[in-house]
Amino acid sequence: MADVLGAFEQAVLLGVVRLADEAYGRAILNEVQERLGRDIAAGAVHATLERLEKKKLLSSRLGAGTPVRAGRARRYYRLQPAGVRALNDARAAVDTMWRGLTWPLKGRA
Amino acid sequence: MTSHPSSASPPAWAEALLRLLLAPKDRDSVSGDLLEQYRDAIVPTRGATADAWYLRQVASFLWRRAWPWALIFSGAFVMRNAYDWLVPTTDFHVRSQVTTYFAIGTLLLVGFGAAWRSGSALAGIVVTVVASQIAAVFSVVGSSVLLAILKSPEIDRAIAGSGGIDEVYLLPFMMIVPAVILGTVAGVAGKLGRRALSRGNS
């Protein structure tokens, strides 16, 4: 069975998928902030990327730096097969839970 | 901070602290990400408060390194208080030994882990000191809640017999002294351990 993903881990992995070849730390941070609609600490995204890489759901490589970042290298992330499986499982679990219900739910009050 | 966004720089000490906390492999990429965000997005939109944003980001890295240890450390302190108050004694020798060794062990682990991760003895000291002070705040809050729940004349007597209320509120903050000493020892050990391992691997 693939890893069970938390909501934030899913947001980060989906950010990596959306950004494709441009998935590096700052771009992922901005993507996750935009999708979740709130400010996110860079430390939270970094810790999640590190954890997902340790779990082999992501891989990373260093790329060239740019003048605005004082020439410091960018670390680019790529989804691994285990990450694809984990995301598919997460989506399937949500779909199963919602089966037979109409979204959005109507409140009783 | 200078006025043009592309050449603006966050406080040098904050950037140095950030780089200190990071593993060597992440040092350039993560500090570069923050610098890029700071120059491209934060300075143009937030102006004079951009440095505050940067400091919050660095604090979040520090917090992530320190809070789990702070929780363990303060949990032990609050449990010791609860034990002393609910099961009063006049001989604290064994209890003191257990909590002292637990505290020493925890602080050594904090410093060793931080230094091992970053390859810097100074990171071990910084994270140990910060963890001890976050633990102090957690301990004071935890002990206050415990006191509010247990409040009774018997508990007041037990507190008076186990060092008094001052010890409950001041002792956790005084842990900064052993944190500096043990963080230094563990920081040096962590740095040397990492260096020895990387030599062995090469």
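Results, tabulated for the structure shown:
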{"quantity": "Shape call, segment B:53-142: gyration tensor on alpha carbons, a/c limit 1.5", "calculated": "oblate"}
{"quantity": "5 angstrom amide H check on A:R74, placed H, neighbours 5+ away", "calculated": "A:G63, A:A64, A:G65"}
{"quantity": "Contour minus Cα-Cα distance for B:V180 and B:S6 (0.36 nm per residue)", "calculated": "58.8 nm"}
{"quantity": "Relative exposure of A:Y76, B:Y83, B:Y38, judged by other C-beta atoms within 10 Å (fewest first)", "calculated": "B:Y83, A:Y76, B:Y38"}
{"quantity": "Full-extension gain in nm, B:Y101 to B:V87, via 0.36 nm per residue minus C-alpha separation", "calculated": "3.0 nm"}
{"quantity": "Relative contact order of chain B, pairs being alpha-carbon contacts under 8 Å that are 6 or more residues apart, as %", "calculated": "26"}
{"quantity": "Alpha carbon centroid spacing (whole Å) that separates segment B:40-84 from segment B:142-202", "calculated": "17"}
{"quantity": "Compactness of segment A:7-98 as Cα Rg over 2.2 N^0.38 Å, two decimals", "calculated": "1.11"}
{"quantity": "Rounded if a/c under 1.5, otherwise prolate or oblate - chain B, Cα gyration tensor axes", "calculated": "oblate"}
{"quantity": "Highest-MSF residue in chain B out of B:S152, B:S162, B:S139 [GNM, Cα springs under 10 Å]", "calculated": "B:S152"}
{"quantity": "Estimated [θ] at 222 nm from DSSP helical runs (n ≥ 4, -39500 (n - 2.57)) normalised by residues in chain B, nearest 500", "calculated": "-28000 deg cm²/dmol"}
{"quantity": "Separation in nanometres of the label points that stand 7 Å from Cα toward Cβ, at A:A92 and A:Q10", "calculated": "1.5"}
{"quantity": "Separation in nanometres of the label points that stand 7 Å from Cα toward Cβ, at A:K106 and B:A160", "calculated": "6.6"}
{"quantity": "Simple label model, 7 Å out from Cα along Cβ direction - B:R56 to A:A44, nm", "calculated": "1.1"}
{"quantity": "Sites A:K56 and B:F173, calculated FRET efficiency, Cβ-Cβ separation with R0 35 Å, nearest 0.05", "calculated": "0.25"}
{"quantity": "Segment B:115-202: trypsin sites (Lys or Arg not before Pro) in DSSP coil with no more than 15 other Cβ atoms inside 10 Å", "calculated": "B:K151"}
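Bear in mind that the values in this text are calculations on the coordinates, not laboratory data. Computed from a predicted structure; not experimentally measured. Heads up, the Cβs are rebuilt from the backbone with ideal geometry, glycines too, and the neighbour counts pull from every protein chain shown.
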